[in-house]
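Data block below; observations after.
The values are calculated or read from the model by the stated rules, or taken from the named source; none is laboratory data. As the structure is a prediction and not an experimental result, all values here were calculated from the model. Virtual Cβ from ideal backbone geometry, glycine too; neighbours counted across all protein chains shown. Keep in mind that these areas ignore ligands, DNA and RNA; they rest on the heavy atoms of the full protein, side chains included. Shrake-Rupley method; radii C 1.70, N 1.55, O 1.52, S 1.80 Å.
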Amino acid sequence: ARTVGRVALAVARFSTLGNGAPDLLAKYSFEPATTKDKGLIMDVTLRHFFTLEPHMRALGITEPTGRDLIDSTVTKALAFPYSYMVVHKDSGKIVGVRLMSAAERQNMDEPLNFDIGKLDESCLIFLSILFNLYKDFWRLRPEAQKVLCREMTFVHSDHQRQGIAQHLVHLGLDFDKLRESGIDGIMSEASSFANQKLLAKNGYEELEASKKKEYIRSNGEPVVFHDATSSVKLVYLNLQKP
């Protein structure tokens, strides 16, 4: 078990170096995202995320119904210094983001920062899945007290398959400094098959996945996905040394 843990951590550590291919860095700049960037991030996310993210598409969540959910996610992540924007140098447009926050066991029951009563059934299905997995994380990893949370990784369809998502995985994260600051690991509720594969490749361990029964609407109709995605996977990278 220790050998597997060391291999996973070594793979993850390699990707923290952020040494993207020269052509990638020639075309894109990877910039830390702060609260002042919220408007720009909200704009690109609301215009493109709903048509690209598998759960959004399958559930039929659109900008009018999902705005509060996205706004909450962006606001939460930008309160921490772990998020990045991808800017296409030629156009100056944001074409991707990696949003991350931090969570502590002692605050696991923090209230949501939006009115859940305003959400439609599709949003409630998705939110319930995420909430259940989040609660299960603390049960499944009793040693974890404080972790980073991967909130969202998004790359515009015109700029995919160029290594951007891989470059973003651990960009700007110094594992030694994170450990010194009390971070035990990095968790993610990965909601797309592509992201699930990417994180597995980078040493993340699958802890649990959403269940088929969670994808049934109140009228009895099942949620149907348009790609290989079939669940949200709860995955974790343990940063503590064996």
### Query
Could you give every pair whose Cβ atoms fall below 7 Å, whose first residue belongs to the stretch 50-72 and is small (G, A, S), and whose second residue is open to solvent by less than 50 Å² (accessible area, probe 1.4 Å) and outside any helix (DSSP H, G or I), counting only separations of at least 6 or pairs across chains?
A58/V223; A58/F225; S72/F114
### Query
Take the residues of the stretch 107-128 that are without any contact (Cβ under 8 Å) to a residue 12 or more places away in the chain and either closer than 14 Å to S210 by Cα or of a type outside the set (G, A, S) (or both): which is surrounded by the most Cβ atoms within 10 Å (Cβ to Cβ)?
L124
### Message
So, in the stretch 62-89, exactly how many residues are under 17 Å from M100 (Cβ atoms) and either open to solvent by 60 Å² or more (accessible area, probe 1.4 Å) or touching a strand residue (DSSP E or B) at 6+ places or on another chain (Cβ under 9 Å) (or both)?
### Response
14
## Note on the structure
Requiring at least 2 residues that are closer than 30 Å to P22 by Cα, in contact (Cβ under 8 Å) with a residue 40 or more places away in the chain and in contact with a Ser or Thr (Cβ under 7 Å, 6 or more places away or on another chain), the strands (runs of 3 or more DSSP E) wholly within the stretch 129-242 are 146-155
### Query
Within the stretch 42-55, is there a residue that is among the polar types (S, T, N, Q), open to solvent by 60 Å² or more (accessible area, probe 1.4 Å) and at pLDDT below 95?
yes
### Residue in the stretch 113-128 that is nearest to A58 (Cα to Cα), counting only those that are outside any helix (DSSP H, G or I) and not polar (S, T, N, Q)
D120
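Which residue, of V147, V169, V155, is more than 23 Å from T229 (Cβ to Cβ) and open to solvent by less than 40 Å² (accessible area, probe 1.4 Å)?
Details: V169 fails: more than 23 Å from T229 (Cβ to Cβ); V155 fails: more than 23 Å from T229 (Cβ to Cβ).
When all the criteria are applied, what remains is V147.
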### Query
Mind checking which residues of the stretch 177-217 are among the aliphatic types (A, V, I, L, M) and open to solvent by 60 Å² or more (accessible area, probe 1.4 Å)?
A194, A200, I216
### Query
Quick check, is D174 open to solvent by 40 Å² or more (accessible area, probe 1.4 Å) and over 12 Å from the mean Cα position of the chain (by Cα)?
yes
### Message
Condition first: over 15 Å from the mean Cα position of the chain (by Cα) and among the aromatic types (F, W, Y). Now tell me which residues in the stretch 184-242 satisfy that.
### Response
Y215, F225
